[in-house]
Every structure is written in C-alpha cells, then in structure tokens.
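Nothing in this text is a laboratory measurement; each read-out follows from the coordinates by a stated rule. It should be emphasised that the depicted structure is a prediction, and the values quoted were computed from it without experimental measurement. For neighbour counting, all protein chains shown are included, and Cβ atoms are generated from backbone atoms with ideal geometry for every residue, glycine included.
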Amino acid sequence: MKHARNDGPDLAFRLGRRVVTAVADDMSTTQRVVAGVVAALVAVSPFGAWNEVEPQADPLTVGTPVEVGPFEVTIEKAATADELGHLVPAPGNHMLAVVANVTNTGDVPEIAGTLGSAVPAPENVGIVPQEPMGSLGAEPGTDPADDGATPSAAPSASAAPGDEGGSAEPELPSPSIVNIKDGADVRILNPGLTYRVALIWEQSGEFSGDVIPLRMVELEWVEEDPLGLDDGHWFANEIAFEGQIPVEAAKPAPSTEAEQQ
C-alpha cells in the first residue's frame, strides 16, 4: 500500500529557528527556554504531521497479479452476458462478470465469501442493489410483522438522499462466484490451488459503458475479536487496489445470428 508522505523537517527547523531568533532579544530567560523547546519539537516532528494522511490505492490492471489477504488475484477481463449458467437477470438486465485467476496462497482452505468481501461491486455502473432483509417475502409497502395489513415505515432503497425516510445509498450485493471450468458455485478455495472464476453481479440494461471501476479491498487477519464474537477471521479494511477494467459486450446467441443472415 502506498500512502501520502510527510517531509520537510529541515524546512520546519529553519522556520522555527528564524522565528525564535527574531524575538529572542525581547524574551526573558524563561521565555527563551520555552521557545527553544517548541522549536525542537517542530524540528523532530514530520512536517504536516498533524494533517490527516489519505491512503492511496495501488493501480489495478488486467493481467497484473495483486495480493489481498490469503489470495493472489489476477484480473483477466470483464464481460456482460444475457445469462450465466443458473444466474438469470430480470427482463431488460444482464449479468456482469469479472473473470480472474485466484490462488489461495495460505495454508488452510478459505471460503468463497472471503474472496467476495475483497472485491466489492463496482459503483455507479448500474449494479442492481440487493433487496433489504426486512422486505424479503413481504408484499411491497407492507411490514411483515403486521401480516401485510399496515404500510411499512421502512425507508425506500430508491429514495433520494435527504428525503424524509430516504436512504442515502442502496447496499450493493456481494458477487456470486462461479468456477469457469464447470459453471458450479465456488464454495471453498483450497490452499496452493489456482481457480479461474467469475465474480458476477446483475447489472441494469441501461448501462452501456465500455469500462467499469473495479476495486479490491485489503484483508486483515483478526486473531482475537475485541468483542469476542468472531475470533480468527479476515476483516475487510481499506481499498488496496483500484483501476478501470475494459468490458466485453455480450455476444448474440447463435440462433439470433442465424436469423440475421
């Protein structure tokens, strides 16, 4: 990870010394001692050390392997498709897949959900939000606890930011992870093995761009949870890598091509 650097201690020392020298003639002995201490502290502190340091993500590009937690991930491509195996989008939408080669570089098997937490859904490209848990299995606009008789007071995921009862941002889903070799869901990634996988989201048919902004999150191992709820797990930390990944458009089905000829 690269971070913004603070430098310039020599400049800080010269500035502090100049200020002290300029007023020293008018100071008492005690005041001179205090000024000297202040100048020394400035000299040994990194210039701008009190300013917040903004982390900077490393570049993410096709074909370049990166390491996040127990995985080495190499992005191969991104592509759209009308459907991918058992994953079928809503009418008018399509599936967005990021194809990658993933190696578990650790010593123990890792669940696919850990990989999914390292690759969040691309933002602002029409990824279909996940349905809020409170509305699963309920009639639209009703509260399950009231047996469908009372309108739900829960905020709408599509409400504009700042609207009363509205939600600022709908939550985007984790990817479905499929093994390219056989189309089966990936559940476990075993140590020392490389998998060619597709990380898949449903995407609005209104998206027509040719690149997506893809990010990868740093995974940090938590040996002991301070709350004692989940010791020994990977924690999704800050964004470690990001980049613009080209997207291949969905190819027409063979029957469609035949009809056009």
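In this simple spin-label model, placing a label point 7 Å from the Cα along the Cα-to-Cβ direction at both THR194 and GLU206 gives a separation of 4.1 nm. Among LEU193, LEU84, sorting on how many other beta-carbon atoms sit within 10 Å of each Cβ, with the fewest leading, yields LEU193, LEU84. For VAL88, neighbours were defined as the other residues whose beta-carbon sits under 14 Å from its Cβ, and their charges (Lys and Arg +1, Asp and Glu -1) total -3. Close amide-amide hydrogen proximity is noted between VAL128 and GLU202, GLN203, SER204, each under 5 Å apart and 5 or more residues distant or on a separate chain (H modeled in the peptide plane; Pro and chain starts excluded).
Using a simple spin-label model with pseudo-atoms 7 Å out from Cα toward Cβ, GLU224 and ALA250 lie 5.2 nm apart.
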